[in-house]
Structure formats: C-alpha cells, structure tokens
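The values are calculated or read from the model by the stated rules, or taken from the named source; none is laboratory data. Please read all numbers here as calculations on a predicted model, not as lab measurements. A quick note on method: Cβ atoms are made from the backbone with ideal geometry, for glycine too, and the neighbour counts reach across all protein chains shown.
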Amino acid sequence: MMNSKHFYLTFLATLIVHSVYAAEVKTPAETVNNAPAVTEATSVPSPSPVATPAPAKEITAAPAKTESTSDRYGKVNRPLGDFLVGPYIEGGLPRLASFGAEGKWLDLLGLSVGYGMIPQITLSQVQMKLTGWDARFKIYPFRSSFFLGVAYGSQTFTGSMTQSISGISTTGTVVQDNTFITPHIGWNWIWDSGFFMGADIGVQLSMGQTNTFTSDATALVKTTAQYTALQKSVLDKADLLGKTPLPLLTLLKVGYFF
C-alpha cells in the first residue's frame, strides 16, 4: 500500500513538472508562429539620376574670309595691296597717239586719265590737228579683263585752209573746243608681272562746242562776198564735225602696273 502511494506521488510530481516546463519552453515553430508579423518593407523607388547638362561648347567666331592672292587677276606681287597703278601708251581714234596713267582697285573698279593728239596733217589742202584729254571710269563685272566704261573729256580741233580771194592769198583758221562723253567697252589683259595690254571700242558724243574763225585777210578782202562765203563754209563744216558722233577705237594699249 505504501509503495503504491509512493509511486502515485512520484508520477504526479513528474507530470506537474513536465507540464510547467512545457508551458515555459515553446517549440521553435510556436515561437515563429507567435512572433509578430514582419511587415514587408515597401519598395521605395530610388530617385532617378539627375541628368547633368553637358558643358556648353564655346562658340568661336569663324575668321573673316580674306581674299586669297591666288584669286586676284593679273599681277601677283602688289606693293600697293589691292590697288594697281601705272603708265600706258596707246594708238587709235579719234586721237592717233595717247599716253597717260591707269589705275585699278580690287580688280573691280578702274580709272584712267590720258592726253592724246593728231599731229598736224594736210588733207585736201586743209591743214588740221587735234589735241584732247579724257578721264575714263570703268567697272570690271567679272573681275577679269573685260570692262564697261564711260569717259568724260575735252578736245580742241584746229583746221586751216588757204584760198585766193580777189587775187590775194588768204588763210582762214577755225578752232573748235568740244566737250564729250564716251560710253565704251573694252579689255585689259594683265600678266603676272604687271605688264598689260588693252583695247577699247565706243562712241564719242558731243556735249557742247564753240567754234572760232580767224584769218589773215586784209580789211579789203573781208568786205568781199567770197571771203564771207569762205567764213560761213568753214564754220558750218566745223559745226557739223563737232556734232557728229566719232568712233572711239583703241587698237593697241600697252602699259605696266606697279
């Protein structure tokens, strides 16, 4: 009886101890199950990288385009830069021989000033001579040899004729001063060395004239009808000559540009 009671007490104590231990010690699974729920972290998008602006490129102004010496027409070595100037001589009409100075700037604009003459000659018993000057303004549209031009100038024509009036040898002389303009075209061919040759063609148009008649006639001769007719004839012919358009024709022009 005592043994049975002792066994019962031992069994009961063991059962209590085991129950207490089971209440205090939880299994890992229960710990996990009873652990507070871990809230899933909200995915926060990472900020987009801020684009760094590329450094501004420094804009460098293009250098001004300068005219190459290879683009120039004619003379290569130019001590005066874009300006050429030099002497010339020429032959043609209405003045048989002329000389002067020629200038050219930027291969675009030209100017020449010249003086010319017809030395005294005799045609059909009439002695005549011509002197004159002009200034010629030119533009070279293609910056080469061809040009368009206009000239302004003045010339003096002198003609004299000897005739017998009332048995007395009488010489009458007319002097005509004429101003004119001359539209023309032409060519100036320029070599690399500066030597140039040219030719012009145009028409000389009178802008106004004055005619003066003189003679060595005596007072008696001047009273005759023959003398009056001579004077009228000479002045009329001079007036007609002055009003008639004359050709400008430069057959050959040679010169040198510095």
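Counting only residues that are surrounded by 10 or more Cβ atoms within 10 Å (Cβ to Cβ) and either hydrophobic (A, V, I, L, M, F, W, C) or modelled with pLDDT of 60 or more (or both), segment 46-92 holds 18 of them.
Among the residues making up segment 100-119, those that are closer than 21 Å to residue 179 by Cα and of a type in the set (A, V, I, L, M, F, W, C) are 101, 111, 113, 117, 118. A residue that is in contact with a Lys or Arg (Cβ under 8 Å, 6 or more places away or on another chain), closer than 23 Å to residue 130 by Cα and aliphatic (A, V, I, L, M) cannot be found anywhere in segment 158-172. I need a count of the residues in segment 202-239 that are over 30 Å from residue 136 (Cβ atoms), of a type outside the set (Ser, Thr, Tyr) and touching a strand residue (DSSP E or B) at 6+ places or on another chain (Cβ under 7 Å). The total comes to 9. Taking the criterion of being farther than 23 Å from residue 91 by Cα and β-branched (Val, Ile, Thr), the residues of segment 143-167 that qualify are 162, 165. Looking across segment 121-142 at every residue that is modelled with pLDDT under 95 and in contact with a Gly (Cβ under 8 Å, 6 or more places away or on another chain), the one that is farthest from residue 88 (Cα to Cα) is identified as 126. Could you say whether any residue in segment 120-131 is over 19 Å from residue 213 (Cα atoms) and surrounded by 14 or more Cβ atoms within 10 Å (Cβ to Cβ)? Within segment 120-131 (the criterion being over 19 Å from residue 213 (Cα atoms) and surrounded by 14 or more Cβ atoms within 10 Å (Cβ to Cβ)), the answer is no, since none of the residues qualifies.
Restricting attention to segment 104-131, report how many residues are closer than 23 Å to residue 154 by Cβ and of a type in the set (Asp, Glu). Residues meeting the conditions: 0. In the set (1) part of a strand (DSSP E or B); (2) surrounded by 15 or more Cβ atoms within 10 Å (Cβ to Cβ); (3) over 23 Å from the mean Cα position of the chain (by Cα), residue 95 fails one condition alone, (1).
Condition check: surrounded by 17 or more Cβ atoms within 10 Å (Cβ to Cβ), more than 24 Å from residue 126 (Cβ to Cβ), of a type in the set (Asp, Glu) and modelled with pLDDT of 95 or more. Does residue 200 satisfy that? Spelling it out, residue 200 is indeed surrounded by 17 or more Cβ atoms within 10 Å (Cβ to Cβ), more than 24 Å from residue 126 (Cβ to Cβ), of a type in the set (Asp, Glu) and modelled with pLDDT of 95 or more. Without any contact (Cβ under 8 Å) to a residue 24 or more places away in the chain and among the small types (Gly, Ala, Ser) - does that describe any residue in segment 207-214? Within segment 207-214, none of the residues are without any contact (Cβ under 8 Å) to a residue 24 or more places away in the chain and among the small types (Gly, Ala, Ser). For residue 241, state whether it is in contact (Cβ under 8 Å) with a residue 60 or more places away in the chain and within 37 Å of the chain's Cα centre (by Cα). Considered against the rule, which asks whether it is in contact (Cβ under 8 Å) with a residue 60 or more places away in the chain and within 37 Å of the chain's Cα centre (by Cα), residue 241 comes out as no.
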